[in-house]
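Structure, as structure tokens:
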Amino acid sequence: EDQVTQSPEALRLQEGESSSLNCSYTVSGLRGLFWYRQDPGKGPEFLFTLYSAGEEKEKERLKATLTKKESFLHITAPKPEDSATYLCAVKGYSSASKIIFGSGTRLSIRP
Amino acid sequence: GAVVSQHPSWVICKSGTSVKIECRSLDFQATTMFWYRQFPKQSLMLMATSNEGSKATYEQGVEKDKFLINHASLTLSTLTVTSAHPEDSSFYICSASWGQLDGNQPQHFGDGTRLSIL
């Protein structure tokens, strides 16, 4: 059974303090690993798709990396507007069209 | 690109009422649409997957007769909560994807509908 575990559950950082969020996954053949950002009362906003180990993608202060067992979302010099819940999800060969979400990391950036 | 619009964003209604939520892909054709439910501080729970012109596939434990899904075109899917009761109160979110059903395209999400049943 495909599984996704995110850690930490919550993370509070000072503005400018870089850190990483972890997404560990178990999947029977990875079709894609997805990162989303979700603000309170809103739907998830798509950030990145990673397809194979060693792949990296960047967008502003965010950088996502992928290994065969986990993905990291690195946040460099975060700003208060980066505060949100970050969701990781995977799609495996056995799951047809479904993607499996982790429970998310609630990130809070203090000014 | 990849904009998904969901309407309404907020509904308050009396117990026993049926409520329809619309999900539209504005700038792409969605071969597959998904409906999720989210409880406070929890992740998304998939309710059903729908493909244009065919019956929706419901997840285990989701009542088909309670949550009616119609995917009439490549840009529109609707979720109707029939005879809604307070326990149906939740945040409902739709998403849409293009390409093959078993492909690796991401899902793009609407902004959700907050449903409150009095």
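The values are calculated or read from the model by the stated rules, or taken from the named source; none is laboratory data. Note that the structure is a prediction, hence the values are computed from the model and not measured. Neighbour counts are summed over all protein chains in view; Cβ atoms, including those assigned to glycine, are modelled from backbone coordinates with ideal geometry.
For residue A:97, the test of being facing another protein chain (nearest Cβ under 10 Å), assigned to a loop (DSSP other than H, G, I, E, B), within 13 Å of the chain's Cα centre (by Cα) and within 25 Å of residue B:92 (Cβ to Cβ) is failed. Just one of the listed residues (B:64, B:41) is of a type outside the set (A, V, I, L, M, F, W, C) and more than 14 Å from chain A (Cβ to nearest Cβ), namely B:64.
When you go through A:60, A:56, A:45 one by one, which is the residue that is without any contact (Cβ under 8 Å) to a residue 12 or more places away in the chain and touching a Leu at 6+ places or on another chain (Cβ under 8 Å)? Residue meeting the stated conditions: A:56.
Of the residues making up the range B:5-33, those that are modelled with pLDDT under 95, within 11 Å of another protein chain (Cβ to nearest Cβ) and not in a loop (DSSP other than H, G, I, E, B) are B:32, B:33. For the range B:16-45, the candidate set comprises residues that are among the small types (Gly, Ala, Ser) and loosely packed, with under 13 Cβ neighbours inside 10 Å; within that set, the residue that is nearest to residue B:81 (Cα to Cα) is B:18. Checked against (1) within 9 Å of another protein chain (Cβ to nearest Cβ); (2) closer than 17 Å to residue B:45 by Cβ; (3) in contact with a Gly (Cβ under 8 Å, 6 or more places away or on another chain); (4) not polar (S, T, N, Q), residue A:2 passes all but a single condition, namely (1). So, in the range B:81-114, how many residues would count as being away from chain A (no Cβ under 13 Å) and of a type in the set (A, V, I, L, M)? Adding up the residues that qualify gives 2. Taken residue by residue, the range A:56-68 has no member that is surrounded by 15 or more Cβ atoms within 10 Å (Cβ to Cβ), basic (Lys, Arg) and touching a Lys or Arg at 6+ places or on another chain (Cβ under 6 Å).
Which count do you get for residues in the range B:46-61 that are out of contact with any Phe, Trp or Tyr (no Cβ under 6 Å at 6 or more places or on another chain) and either facing chain A (nearest Cβ under 10 Å) or crowded, with 20+ Cβ neighbours inside 10 Å (or both)?
So the answer is 5.
Just one of the numbered conditions (1) without any contact (Cβ under 8 Å) to a residue 40 or more places away in the chain; (2) within 27 Å of residue A:85 (Cα to Cα); (3) surrounded by fewer than 18 Cβ atoms within 10 Å (Cβ to Cβ) is not true of residue B:12: (1). The number of residues in the range B:47-68 that are closer than 20 Å to residue B:15 by Cα and part of a strand (DSSP E or B) comes to 2.
If I go through the range A:41-94 residue by residue, how many of them are more than 11 Å from chain B (Cβ to nearest Cβ) and in a strand (DSSP E or B)?
17
When the range B:70-118 is filtered for residues that are in contact with a helix residue (DSSP H, G or I) (Cβ under 8 Å, 6 or more places away or on another chain) and either outside any loop (DSSP other than H, G, I, E, B) or buried (at least 17 other Cβ atoms within 10 Å of the Cβ) (or both), the ones remaining, listed by number, are B:81, B:115, B:117.
Is the range A:17-33 home to any residue that is closer than 30 Å to residue B:7 by Cα, more than 14 Å from chain B (Cβ to nearest Cβ) and of a type in the set (S, T, N, Q)? Within the range A:17-33, not a single residue is closer than 30 Å to residue B:7 by Cα, more than 14 Å from chain B (Cβ to nearest Cβ) and of a type in the set (S, T, N, Q).
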